[in-house]
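*Asks:* Take this structure first; my questions come after.
The values are calculated or read from the model by the stated rules, or taken from the named source; none is laboratory data. Model, not experiment: these values are computed from the prediction. Cβ atoms come from the backbone with ideal geometry, glycine included; neighbour counts cover every protein chain shown. Note: accessible area is taken over every heavy atom of the protein model, side chains too, but ligands, DNA and RNA are not part of it. Shrake-Rupley method; radii C 1.70, N 1.55, O 1.52, S 1.80 Å.
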Amino acid sequence: MSQQGAALQSYNNELVKCIEELCLKREELSRQILKEEEEKRRLQNEVRLLSDKLARVNESLASKMASRHEFDRTIAETEAAYLKILESSQTLLHVLKRETGNLTKATETKPS
(Lines give C-alpha, C1' and ligand atoms only; values in the text may rest on other atoms or scores of the structure.)
Protein backbone atom coordinates (compact mmCIF):
# COMPACT_ATOMS: atom_id res chain seq x y z
CA MET A 1 0.00 0.00 0.00
CA SER A 2 2.86 2.39 0.69
CA GLN A 3 4.03 1.70 -2.84
CA GLN A 4 0.65 2.83 -4.15
CA GLY A 5 0.80 5.92 -1.90
CA ALA A 6 4.25 6.76 -3.26
CA ALA A 7 3.02 6.32 -6.83
CA LEU A 8 -0.01 8.49 -6.07
CA GLN A 9 2.25 11.17 -4.53
CA SER A 10 4.49 11.03 -7.61
CA TYR A 11 1.48 11.42 -9.92
CA ASN A 12 0.21 14.29 -7.78
CA ASN A 13 3.57 16.08 -7.90
CA GLU A 14 3.73 15.65 -11.68
CA LEU A 15 0.13 16.85 -12.08
CA VAL A 16 0.84 19.97 -9.98
CA LYS A 17 3.98 20.61 -12.06
CA CYS A 18 1.99 20.30 -15.32
CA ILE A 19 -0.71 22.65 -14.01
CA GLU A 20 1.92 25.21 -12.96
CA GLU A 21 3.53 25.01 -16.43
CA LEU A 22 0.10 25.51 -18.06
CA CYS A 23 -0.50 28.55 -15.81
CA LEU A 24 2.87 30.02 -16.80
CA LYS A 25 2.11 29.47 -20.48
CA ARG A 26 -1.33 31.04 -20.02
CA GLU A 27 0.22 34.10 -18.32
CA GLU A 28 2.72 34.48 -21.16
CA LEU A 29 -0.09 34.18 -23.68
CA SER A 30 -2.09 36.80 -21.75
CA ARG A 31 0.89 39.20 -21.91
CA GLN A 32 1.17 38.61 -25.66
CA ILE A 33 -2.57 39.22 -26.08
CA LEU A 34 -2.36 42.51 -24.14
CA LYS A 35 0.62 43.59 -26.21
CA GLU A 36 -1.14 42.78 -29.48
CA GLU A 37 -4.36 44.47 -28.36
CA GLU A 38 -2.35 47.63 -27.64
CA GLU A 39 -0.69 47.36 -31.05
CA LYS A 40 -4.13 46.88 -32.60
CA ARG A 41 -5.45 50.04 -30.87
CA ARG A 42 -2.39 51.98 -31.98
CA LEU A 43 -2.77 50.82 -35.58
CA GLN A 44 -6.50 51.55 -35.60
CA ASN A 45 -5.76 55.07 -34.39
CA GLU A 46 -3.16 55.50 -37.12
CA VAL A 47 -5.65 54.23 -39.71
CA ARG A 48 -8.26 56.71 -38.43
CA LEU A 49 -5.76 59.58 -38.56
CA LEU A 50 -4.59 58.59 -42.03
CA SER A 51 -8.18 58.22 -43.23
CA ASP A 52 -8.96 61.72 -41.97
CA LYS A 53 -5.84 63.05 -43.67
CA LEU A 54 -6.74 61.23 -46.89
CA ALA A 55 -10.22 62.76 -46.81
CA ARG A 56 -8.76 66.26 -46.38
CA VAL A 57 -6.27 65.69 -49.23
CA ASN A 58 -9.07 64.39 -51.48
CA GLU A 59 -11.19 67.47 -50.74
CA SER A 60 -8.27 69.78 -51.42
CA LEU A 61 -7.41 67.91 -54.60
CA ALA A 62 -10.99 68.07 -55.86
CA SER A 63 -11.12 71.82 -55.18
CA LYS A 64 -7.81 72.43 -56.93
CA MET A 65 -8.82 70.30 -59.92
CA ALA A 66 -12.06 72.30 -60.23
CA SER A 67 -10.04 75.54 -60.11
CA ARG A 68 -7.66 74.22 -62.74
CA HIS A 69 -10.63 73.35 -64.95
CA GLU A 70 -11.86 76.95 -64.59
CA PHE A 71 -8.38 78.22 -65.52
CA ASP A 72 -8.37 75.95 -68.58
CA ARG A 73 -11.83 77.19 -69.62
CA THR A 74 -10.89 80.86 -69.11
CA ILE A 75 -7.62 80.43 -71.02
CA ALA A 76 -9.38 78.69 -73.91
CA GLU A 77 -12.05 81.42 -74.12
CA THR A 78 -9.42 84.16 -73.92
CA GLU A 79 -7.27 82.55 -76.61
CA ALA A 80 -10.29 82.15 -78.89
CA ALA A 81 -11.24 85.82 -78.39
CA TYR A 82 -7.64 86.88 -78.98
CA LEU A 83 -7.55 84.92 -82.25
CA LYS A 84 -10.73 86.70 -83.36
CA ILE A 85 -9.10 90.04 -82.53
CA LEU A 86 -6.04 89.06 -84.58
CA GLU A 87 -8.22 88.03 -87.51
CA SER A 88 -10.19 91.28 -87.26
CA SER A 89 -6.94 93.28 -87.06
CA GLN A 90 -5.63 91.50 -90.14
CA THR A 91 -8.88 92.18 -92.01
CA LEU A 92 -8.85 95.82 -90.89
CA LEU A 93 -5.24 96.21 -92.01
CA HIS A 94 -6.06 94.66 -95.38
CA VAL A 95 -9.07 96.98 -95.83
CA LEU A 96 -7.02 99.99 -94.72
CA LYS A 97 -4.23 99.19 -97.20
CA ARG A 98 -6.75 98.70 -100.00
CA GLU A 99 -8.53 101.99 -99.20
CA THR A 100 -5.20 103.80 -98.86
CA GLY A 101 -4.22 102.42 -102.22
CA ASN A 102 -7.53 103.51 -103.75
CA LEU A 103 -7.22 106.98 -102.25
CA THR A 104 -3.64 107.27 -103.45
CA LYS A 105 -4.68 106.28 -106.99
CA ALA A 106 -7.62 108.66 -106.89
CA THR A 107 -5.46 111.57 -105.84
CA GLU A 108 -2.73 110.79 -108.37
CA THR A 109 -5.01 110.51 -111.38
CA LYS A 110 -6.99 113.72 -110.89
CA PRO A 111 -5.47 116.79 -112.50
CA SER A 112 -5.09 119.82 -110.31
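*Asks:* Simple spin-label model, 7 Å along Cα-to-Cβ: Ser89 to Leu29 in nm?
*Replies:* Going from the Ser89 label point to the Leu29 one covers 8.6 nm.
*Asks:* Quickly estimate the mean residue ellipticity at 222 nm for the chain, helices only: each DSSP H run with n ≥ 4 gives -39500 (n - 2.57), and the total goes over all residues, rounded to 500. Before the final figure, lay out the partial values.
*Replies:* Values: 1 runs with 108 residues, N = 112.
So the calculated ellipticity at 222 nm is -37000 deg cm²/dmol.
*Asks:* Ignoring ligands, DNA and RNA, what accessible area per residue does the stretch 53-112 give at 1.4 Å, in Å²?
*Replies:* I get 95 Å² per residue for the stretch 53-112.
*Asks:* Let me ask another. For the stretch 36-112, which whole percent of the accessible surface, found with a 1.4 angstrom probe, sits on carbon and sulfur atoms?
*Replies:* Numbers: 4470 of 7290 Å².
So the carbon and sulfur contribution to the accessible surface is 61 percent.
*Asks:* Could you run the Karplus curve 6.51 cos²θ - 1.76 cosθ + 1.60 with θ = phi - 60° over the stretch 17-30 and give me ³J(HN,Hα) per residue in whole Hz, x for Gly and Pro?
*Replies:* Values, residue by residue: 4, 5, 5, 4, 5, 4, 5, 5, 5, 5, 4, 4, 5, 4 Hz.
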